[in-house]
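What follows is one structure encoded as structure tokens, with my remarks underneath.
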Amino acid sequence: MDGFSAAEWSRNSWVESANDPACGFPLQSLPYCIFAGEDGRARPGVCIGACVLDLRWCKGAGLFEGLPAEIQAACETRTLNALMACGAANHAALRSRLMDLLDTGADEATRDVVSAALTPREDATLLKPVESANYTDFYASIHHATRVGRLFRPEQPLLPNYKFVPIGYHGRPSSLVVSGTQVRRPHGQTKPVAGGIPSFGPTRFLDYEVEVGLYIGTGNPLGKPITVRQAGDHVFGLSLLNDWSARDIQSWEYQPLGPFLAKSFATSVSPWVVPMAALAPFRAPIAQRPAEDPDPLDYLFDATDQYTGAIDLTLEAWLLTSAMRAAAQAPHRLSHANLRDLYWTPAQLIAHHTSNGCNLLPGDLLATGTVSGREDDAAGCLLELTAGGAKPILLSNGESRTALEDGDEVILRGFCRREGFPEISLGECRGVVLPAL
Ligand code: CA
């Protein structure tokens, strides 16, 4: 059933740092990024161990000869969009070539050439990897939906559509920012106190949301849906995503059309896009649904997807406050959850998104929604962790929080671990809160 080759997963690299099983960036991962070269020009790269490999340089050195012209040209562009548009077969061909170039089997001459294209990861300035024309945010964690719903509707936490419809909304691609970008506390309208009029000012309940973003490779023509079975060929890779949220603004504006300005001021993405092939050993059955839950409607059901459509990926949220930073203290872990526990698989999200004929474009970003688990420490945002701001959480240095404060840095981490396999890391997605203007 496992869709990967054992031989592929036993290969090692002559880039020694990649062979530490805990490094997170082994030969089998090769996540894509965009980084600034010495000349300042943005270029595609892949991470191998503690280094970034410059794909533009490799193309110029003739290392991709024999690969389709389309994918060679994509290695000379300034975003990953063209690479994403090349199609699954081309992605596999490039990945295979990169693995051969970096494998211990590569000859001395090849290693010499490739070595010149390696930069230490810590020296590389990582840029926003993709210009997404569209950004959709789903609501695929039933544990998140239930905990949040309970705050507002204790008698009926889940609305009647939840177990049938993968709920989502169209987000704002213009405010997608790469990890490390500071996030300005937004202004907005908040609910009037009894009888008064609403006020306008900086949010008093700034929050984060732990999410995973799926980047679309090839899209679909307008009017032609993608089935659950076909969806795998349309996903290029995964990143971490923080859907910053202003809860007080959100709770006043969200009815009847859903989130708007409470979300669109910033959404952070991690710099690495981990290809789906790197996640093959970590595919998992979809989370068991309670017996009384309905089966997915036919267009959302595929037997193979039910067995292998989920991903065993651990997600953590950490908080580093100004006080912790000043005292050189380690960040405090707020939560840990698993992507496996979502109610819908990535393939179901894509099938639903396109089921009305809506077209996805290369580079489009589909986020899962806050990834939470059943346990209290698996809640992927402060809204859940603090029960709507009612219960402050105590941090490791004695501070407490019900909402993010200016100077707070939220750090998301993601990784796949399985006995007998090297760890696959999604890296980090970080952002510091700046005071309101
Ligand atoms: Ca969200």
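The values are calculated or read from the model by the stated rules, or taken from the named source; none is laboratory data. Everything numeric in this text was worked out from a predicted model, so none of it was measured. Methodologically, a virtual Cβ is constructed for each residue, glycine included, from the backbone with ideal geometry; neighbour enumeration extends over all protein chains shown. The protein model used for the area step is the full one, side chains on, heavy atoms only, and it has no ligands, DNA or RNA in it. Shrake-Rupley method; radii C 1.70, N 1.55, O 1.52, S 1.80 Å.
What to note about this one:
- Prolate/oblate/rounded call for the stretch 6-127, Cα gyration tensor, a/c under 1.5 rounded: rounded
- For the chain, the solvent-accessible area of protein heavy atoms averages 42 Å² per residue (probe radius 1.4 Å; ligands and nucleic acids excluded).
- Percent carbon-and-sulfur accessible area, the stretch 135-434, ignoring ligands, DNA and RNA, probe 1.4 Å: 55 percent
- Shape category assigned to the stretch 127-256 from the gyration tensor of Cα positions, a/c cut at 1.5: oblate
- The stretch 1-150: relative contact order in percent, alpha carbon pairs under 8 Å with at least 6 residues between: 25 percent
- Percent carbon-and-sulfur accessible area, the stretch 6-127, ignoring ligands, DNA and RNA, probe 1.4 Å: 49 percent
- Helix 88-102 and the long axis of the chain differ in direction by around 60°, with both axes built from C-alpha atoms.
- Candidates T79, T119, T267, ranked by Gaussian network fluctuation over the chain, Cα under 10 Å, top entry: T119
- Computed over the stretch 1-48: relative contact order in percent, which uses C-alpha pairs under 8 Å that are six or more apart: 28 percent
- C-alpha long axis of helix 142-152 to longest principal axis of the chain, angle in °: 20 degrees
- Phi-based couplings in Hz for the stretch 33-49 (Karplus 6.51, -1.76, 1.60; Gly and Pro marked x): 8, 10, 9, 8, x, 4, 7, x, 7, 5, 8, x, x, 10, 8, 9, x
- Computed with a 1.4 Å probe on the full set of protein chains, the accessible area for K391 sits at about 120 Å².
- Only helices enter this figure: runs of n ≥ 4 DSSP H residues, each worth -39500 (n - 2.57), summed and divided by the residues of the chain, yield -5000 deg cm²/dmol at 222 nm to the nearest 500.
- The alpha-carbon of K263 sits under 25 angstrom from the alpha-carbons of these lysines, leaving out residues fewer than 8 places away in its chain: K128, K163, K191, K391.
- Taking all protein chains together and rolling a 1.4 Å probe, V113 ends up with roughly 60 Å² accessible.
- Gyration tensor (alpha-carbon) shape descriptor, the chain, a/c threshold 1.5: prolate
- Whole-Å distance, taken between Cα centres, linking the stretch 284-298 and the stretch 161-199: 30 Å
- Most mobile listed residue (P202, P129, P221) in the chain, GNM with C-alpha springs under 10 Å: P221
- If you take all other residues with their beta carbon under 15 Å from the beta carbon of P120, and give Lys and Arg +1 and Asp and Glu -1, the sum is -4.
- Entry note, the chain: relative contact order of 21 percent, from Cα contacts under 8 Å with a spacing of 6+ residues.
- 3J(HN,Hα) from dihedral phi, the stretch 218-233, Karplus parametrisation 6.51/-1.76/1.60, rounded to Hz, x for glycine, proline: 7, x, 9, x, 3, x, 10, x, 9, 7, 4, 4, 7, 4, x, 6
- With all protein chains in place and ligands, DNA and RNA left out, the 1.4 Å accessible area ranks R204, R413 as R204, R413, largest first.
- Taking 7 Å steps out from each Cα toward its Cβ at R374 and T110 produces label points 4.8 nm apart.
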